[in-house]
Amino acid sequence: MKKFIYALLFLGLLISIFTTLFFYTKVRERNYYENILLKEFDNYNCKDRIDTVLTISKLVYKNTGGKTGYITKDEMTFYDRWEATSFFNVSVAVALKHKGWGVVGYKVFGPCGTMSREVLSILWKLKIPARKLLLVANEYGKGGGHALLEFQYNSKWMVLSPSDSTFCWKNHDGMIASAAEIKNDTAIL
């Protein structure tokens, strides 16, 4: 009985080591592709945080194929294909590696979740406070189902839609609007 328990413990240890190494390589892969995008970003002279965020969003949009960024299953490894067609959706690494946000034949999600996740990941790497903003259906079942992001600038959270070619609403001062400004002022919307 002791030998059986030791064998199970050893097997558990091997599985833990393999899993840890596997996900470590996936994190390194994501960092590799983000660093490629950041090298391209270095070619731009951004004057402030807003310019930085807009530039990163435009680069992500461009590097994931914009509105038509579909990847074929044949281009991907088994794991990339499994991840991209499961409820996990397309990861940052897969999207940047294959230059797309969705898989042909698997239109469960649009580009908004993938692109927002990519921009957020890079902004966090640059130490820029940012968070995901999800629009859901209103009480009448209309609208919703869209992922955007908010980033902080001078203590204000500003709304940006990376999947709509870096679209942002402007307030009356010409600045990027916050969610509260958009909600409370129909002229902005």
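The values are calculated or read from the model by the stated rules, or taken from the named source; none is laboratory data. None of the values given here were measured: they were computed from a predicted structure. FYI the Cβ positions are ideal-geometry reconstructions off the backbone, even for glycines, and counts take in every protein chain you see. Quick note on the areas: whole protein, heavy atoms, side chains included, nothing else; ligands and nucleic acids left out. Shrake-Rupley method; radii C 1.70, N 1.55, O 1.52, S 1.80 Å.
Were the residues from Y24 through T186 laid out at 0.36 nm apart, the gain over their Cα-Cα distance would be 53.6 nm. A cut-off under 13 angstrom between Cβ atoms defines the neighbours of S178, and their net charge, with Lys, Arg +1 and Asp, Glu -1, is 0. When W169, W82 are compared by accessible area of protein heavy atoms, the largest-first order is W82, W169, using a 1.4 Å probe. The heavy atoms of M175 present about 70 square angstrom of accessible area, all protein chains included, probe 1.4 Å.
Taken along the Cα-to-beta-carbon direction at a fixed 7 Å, the label points for V104 and L135 span 3.0 nm.
Can you pull the accessible area of E181 for me, 1.4 Å probe, Å² to the nearest 10? Answer for E181: close to 60 Å² accessible. Just one of [x] 27; [y] 61; [z] 23 is percent of Cα pairs over 32 Å apart as worked out from the coordinates here. Which one is it? Identified label for the calculated read-out: [x].
Remark on M175: its backbone amide H falls under 5 Å from none of the residues 5 or more positions apart or on other chains, H modelled at 1.01 Å from N. Backbone amide hydrogens, once placed in the peptide plane, bring H146 within less than 5 Å of L135, excluding anything fewer than 5 places away on its chain.
Leaving out ligands and nucleic acids, note down the accessible area per residue over the chain with a 1.4 angstrom probe, in whole Å². Don't skip to the end; give the middle numbers.
Working: 11510 Å² over 189 residues.
For the chain, the per-residue accessible area is 61 Å².
Given a 1.4 angstrom probe, I'd like the percentage of the accessible area of the chain that is carbon and sulfur, rounded to a whole number. Don't skip to the end; give the middle numbers.
Numbers: 7040 of 11510 Å².
The value for the chain is 61 percent carbon and sulfur by accessible area.
Each peptide in 116-126, 15-25 receives the mean, over its residues, of other Cβ atoms within 10 Å, and ordering these scores from highest gives 116-126, 15-25.
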